[in-house]
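Enquirer: Could you have a look at this structure, given as structure tokens, before my questions?
The values are calculated or read from the model by the stated rules, or taken from the named source; none is laboratory data. All values derive from a computational prediction rather than experimental measurement. When the accessible area is computed, the model is the full protein with side chains, heavy atoms only, and any ligands, DNA or RNA have been set aside. Shrake-Rupley method; radii C 1.70, N 1.55, O 1.52, S 1.80 Å.
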Amino acid sequence: MKFFNLTLLGAAGVALLTGAAACSDSDTETGTTTTATTTSGAGGAGGAAGVGGATSTSSAGGAGGGQCAPLPVDPAAPNNWNHNTGDPLLGPEGWGSIKNDKDMPAYPQCGDTMLQQAPIAFPSPAMPWATGGVKFDSMNLSWSNAAVATGTKNSGQTWYTYIDSTKSASTVKYMGEDYSVAQFHFHAPSEHTIDGKQYPLEVHFVHTGGNKFLGVAVGLMFEEAANDNPVLAKLWDKFSECPTADAVDLPANTTLDLKSLLPADLAHFEYDGGLTAPPCSHTVHFAIMTTPVKASAAQIKKFADALGPTNRPTQKVLDQMSVTYEANK
């Protein structure tokens, strides 16, 4: 069975979910809002969003350094967490214990060992975990060759591109529900690993709008190549080295051939997990492609230099039977 059914899309009237509110990023799985925050020394470094989430505060910076202006702070959702694995209090191991202004855990799900955390380390596709594992309903992926990009944003944790899902919508049908691409964002290096390999860049395409799962994230791995990725090339010069509170508008005619980003081999792993950054909400169905796509070393370096590491370490797999591998057949 071929898991994904690719089609070219025309205009579709799908509910709009594209931008971020002023000084905030929408958690695209929960429908809540989390204030994006950095300090003036952030320089674009800090935490990475899983499929949404908060911006971190960090003194380790990328290209912006101390020249970047501070963004507003939300005491109810403290954004002083980071991706420094050597920091036991504010690094990934400490996210679940960070307190808010009420002296209560701000992100308790990050430390909940009874929930499947994300990302995870996948086995070799040649020897996937139990073939009798849980199988999900067929997911028909229909990405547009003319998706309309409305804005970009360096949140200090990752770089978002927002998509207008009412125009040439890119959708995925999962368990009978339609989900539309609302945004995509990057992690460097990759958050998931495959057969022990970590890639220099990973992108998550966040689909929202269904009811069974509040968010479906389709992930692609990038490996270095000599030439620029043409889709990313249309956006890379719009990237801000300093975090911004609001998305920066793109020209009205900015269209992206998302379908061309997909690898020819659509084999992938899938599982249910949480956001890969605070608040770690357990609301995401992941589908991670096993065949990487290409981007130039310069493109990857520009992102990594500006934001620093934006990956959460891989987490323990609670039940291998819940991780499904689908071959491209």
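Enquirer: Accessible area per residue, 1.4 Å probe, Å², for segment 175-329: what's the number?
Expert: With the other protein chains kept in place, segment 175-329 gives 36 Å² per residue.
Enquirer: Setting aside same-chain residues fewer than 8 positions from Lys102, which aspartates and glutamates have a Cα under 14 Å from its Cα?
Expert: Asp74
Enquirer: So, one more: Please work out how much accessible surface Lys99 shows to a 1.4 Å probe, ignoring ligands, DNA and RNA, in Å² rounded to 10.
Expert: 100
Enquirer: A follow-up question, please. With a ≥ b ≥ c taken as the square roots of the eigenvalues of the C-alpha gyration tensor of segment 74-204, please select rounded if a/c is under 1.5 and otherwise prolate if a/b is larger than b/c or oblate if it is not?
Expert: Cα axes put segment 74-204 in the oblate bin.
Enquirer: Students often get this wrong, so check it: of Lys197/Lys301; Lys234/Lys316; Lys259/Lys301; Lys197/Lys302, which have C-alpha atoms separated by over 26 Å?
Expert: Among Lys197/Lys301; Lys234/Lys316; Lys259/Lys301; Lys197/Lys302, the Cα-Cα distance tops 26 Å for Lys234/Lys316.
Enquirer: Cα centroids of segment 166-210 and segment 67-98: how far apart, whole angstrom?
Expert: Going from one Cα centre to the other spans 24 Å.
Enquirer: Can you compute 3J(HN,Hα) from phi for each residue in segment 281-287, using the Karplus curve 6.51 cos²θ - 1.76 cosθ + 1.60 with θ = phi - 60°, rounded to whole Hz and x for Gly and Pro?
Expert: Once rounded to whole Hz, the list reads 4, 8, 9, 10, 9, 9, 10.
Enquirer: With a ≥ b ≥ c taken as the square roots of the eigenvalues of the C-alpha gyration tensor of segment 162-241, please select rounded if a/c is under 1.5 and otherwise prolate if a/b is larger than b/c or oblate if it is not?
Expert: Oblate is the answer for segment 162-241, as a/c is 1.5 or above yet b/c matches or exceeds a/b.
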